[in-house]
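Could you have a look at this structure, given as structure tokens, before my questions?
We did not get these values from a lab; they are worked out from the coordinates using the rules stated. What you see is a predicted model, and the numbers here were worked out from it, not measured in a lab. Neighbour counts run over all protein chains shown; Cβ positions are idealised from the backbone, glycine included.
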Amino acid sequence: MGQNQRVPFLDLTLQHRELEDELAAAVNETLERGDFILGASLEQFEREFARYCDSEFAIGVSSGTAALHLALLAVGVGPGDEVITVPNSFIATVEAIMYTGATPVLVDVDADTFCMDPARFEAAISSHTKAVIPVHLYGQPCDMEAISSIATRHGVAVIEDACQAHGATFSGRKTGSLGAAAAFSFYPTKNLGTIGDGGAITTNDAELAARCRALRHHGQFEPNVFPVLGYNYRLDTIKAAVLGVKLAHLDRWNTRRRSIAEQYRSRLRNTEFTFQSRVPDTEPVFHILAVKHPRRRAVHDALSAAGIGWGKHIVPPAHRQPGYEHLRHGGGSFPVSEMLSDQLVSLPVFPELTEQQVERVADALSRVEVSV
């Protein structure tokens with residue numbers, strides 16, 4: 001994955017070059033105002049992002065991890081509670097649960113969609129379960145109808161991990177509007193990314209939104225009064241200004257990602273590659289396009305030989321990380337998540353890829369030898 005690639009896995013400079021004038025104007029406006037913390041561009045972006053996500057409120061924070069942490073705190077998660085989630089998410093999902101003092105409880109995922117298995121979620125609920133975090137993995141929404149129905153029956157709060165799913169939909173509704181709250185990441189590589197770390201919480205609950213706003217700003221519900229332990233989790237105004245520019249282009253970029261994904265899928269029919277299945281009535285946004293192959297090393301070698309960038313994500317899953325082996329709960333394993341971590345390869349899928357580059361990737365993949 002060197003500098004001489006004919007097809008890079010990702011090239012953010014192309015996006016920023018296209019938007020250079022818009023981004024410069026937005027940053028310069030903030031520089032001229034000097035409102036670098038909780039400034040006007042942040043307030044404007046929060047309004048626009050809430051509207052985009054079909055939500056009443058959006059609260060900008062310093063990262064997707066901070067968004068998960070504050071959302072959990074805002075619904076009352078703390079020591080003695082359990083929060084159910086999946087092993088095949090970035091470690092931040094489990095980190096955020098542990099920050100609250102609660103216990104992460106892992107459940108395996110569906111082998112086809114790579115997302116939380118609702119039946120396994122329900123089987124894991126105990127008298128200590130306070131919340132569930134379904135992860136919209138790679139931009140594919142979970143089965144939120146089933147998960148929300150189960151959660152409602154058991155009195156469990158739903159916090160969407162939408163950090164990879166900006167603009168994805170379930171039953172025509174945007175991710176970010178499907179639970180008590182949702183967490184988004186604006187890490188630079190995300191479908192909607194800023195110039196550094198950033199994140200947001202979305203919710204339709206005014207009280208929950210107020211708690212998140214206070215907690216991100218040292219616990220201040222009013223200036224210089226600190227009734228609770230808070231955090232320095234604010235989203236910088238300049239980063240919000242950049243996000244405001246990019247948000248206007250997000251749907252166009254997502255449409256291009258879908259087109260690229262379909263092109264790969266069409267070219268690789270009748271091969272050993274297996275694509276992530278779509279949950280019914282969803283529209284994914286392909287933050288990552290991870291395909292499954294029984295001989296991943298052969299795929300890596302074929303792509304590298306052709307000068308094509310590739311990636312590996314969620315490898316290994318949380319319970320196999322050296323600092324998190326206690327999540328196996330007495331030696332249990334999660335075979336689907338483990339299989340996916342051994343077989344998935346991430347392909348180039350960023351919006352600026354040309355048709356010729358996509359065809360070059362598909363051609364290289366089609367040459368991978370059939371396993372015997």
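Only Lys, Arg, Asp and Glu count, each charged at its Cβ (+1, +1, -1, -1), so figure out the dipole size of the stretch 283-372 about its Cα centre, rounded to 20 debye. Kindly include the intermediate steps, with their values, before the conclusion.
Working: 9 positive and 10 negative charges, 75 e Å.
The dipole magnitude comes to about 360 debye.
Using a Gaussian network for the chain with springs between C-alpha atoms less than 10 Å apart, which of these wobbles most: Glu122, Glu43, Glu32?
Glu32
With the chain treated as a Gaussian network of Cα nodes joined by springs under 10 Å, which of Tyr138, Tyr99, Tyr324 yields the largest mean-square fluctuation?
Tyr324
Of the residues Asn88, Asn204, Asn28, which exhibits the maximal mean-square fluctuation in a Gaussian network model of the chain defined by a 10 Å Cα contact cut-off?
The residue that fluctuates most here is Asn28.
Let me know the shape class of the stretch 258-372, please: from the alpha-carbon gyration tensor, a ≥ b ≥ c as square roots of the eigenvalues, rounded when a/c is under 1.5, otherwise prolate if a/b is greater than b/c, or oblate.
Prolate is the answer for the stretch 258-372, as a/c is 1.5 or above and a/b outweighs b/c.
Which longest uninterrupted range of the chain lacks any trypsin sites (Lys or Arg not before Pro) assigned by DSSP to a loop state (not H, G, I, E or B) and surrounded by at most 16 other Cβ atoms within 10 Å?
It runs 7-268.
Assign one of three labels to the stretch 1-112, namely rounded, prolate or oblate, based on the Cα gyration tensor with a ≥ b ≥ c the square roots of its eigenvalues; rounded applies when a/c is under 1.5, prolate when it is not and a/b is larger than b/c, and oblate otherwise.
In terms of gyration-tensor shape, oblate.
As I understand it, the dipole of the stretch 194-315 uses +1 on the Cβ of Lys and Arg and -1 on the Cβ of Asp and Glu, about the Cα centre. Which of Val228, Gln263, Thr202 lies farthest toward its positive end?
Gln263
Moving on to the next point. Report the antiparallel proportion of the DSSP beta bridges in the chain as a percent, rounded to a multiple of 5.
Beta bridges within the chain, antiparallel portion: roughly 65 percent.
Restricting to DSSP H runs of at least four residues, report the calculated mean residue ellipticity at 222 nm for the chain, -39500 (n - 2.57) per run over all residues, nearest 500 deg cm²/dmol.
Counting only the DSSP helices, I get -11500 deg cm²/dmol.
While we're on this one: List the residues of the stretch 125-140 whose backbone N lies under 15 Å from a point placed 7 Å from the Cα of Thr189 along the Cα-to-Cβ direction.
Counting backbone N atoms under 15 Å from the label point, the list is 138-139.
While we're here: Give me the dipole magnitude in Debye, nearest 20, for the chain about the Cα centre, with unit charges on the beta carbon: positive for Lys and Arg, negative for Asp and Glu.
In total the dipole reaches around 660 debye.
Still on this structure, please answer the following. Rg to Rh ratio, the stretch 51-146, alpha-carbon atoms and Kirkwood radius?
Answer for the stretch 51-146: 0.96.
About its Cα centre, what dipole magnitude does the stretch 1-111 give when the only charges are +1 on Lys and Arg Cβ and -1 on Asp and Glu Cβ, stated in debye to the nearest 20?
Magnitude of the dipole: close to 260 debye.
Something else about it: Pick out, from Ala74, Ser127, Gly34, the residue whose Cα sits farthest towards the positive end of the charge dipole of the stretch 1-127, with +1 on the Cβ of Lys and Arg and -1 on the Cβ of Asp and Glu.
Projecting each Cα onto the dipole axis, the largest value belongs to Ser127.
Something else now. In whole Å, what are the extents of the chain along the principal axes defined by its C-alpha atoms, from largest to smallest?
Largest first, the chain extends 66, 55, 37 Å along its Cα principal axes.
For the stretch 126-231, take N as its residue count and report Rg(C-alpha) divided by 2.2 N^0.38 Å.
Dividing the Cα Rg of the stretch 126-231 by 2.2 N^0.38 Å gives 1.18.
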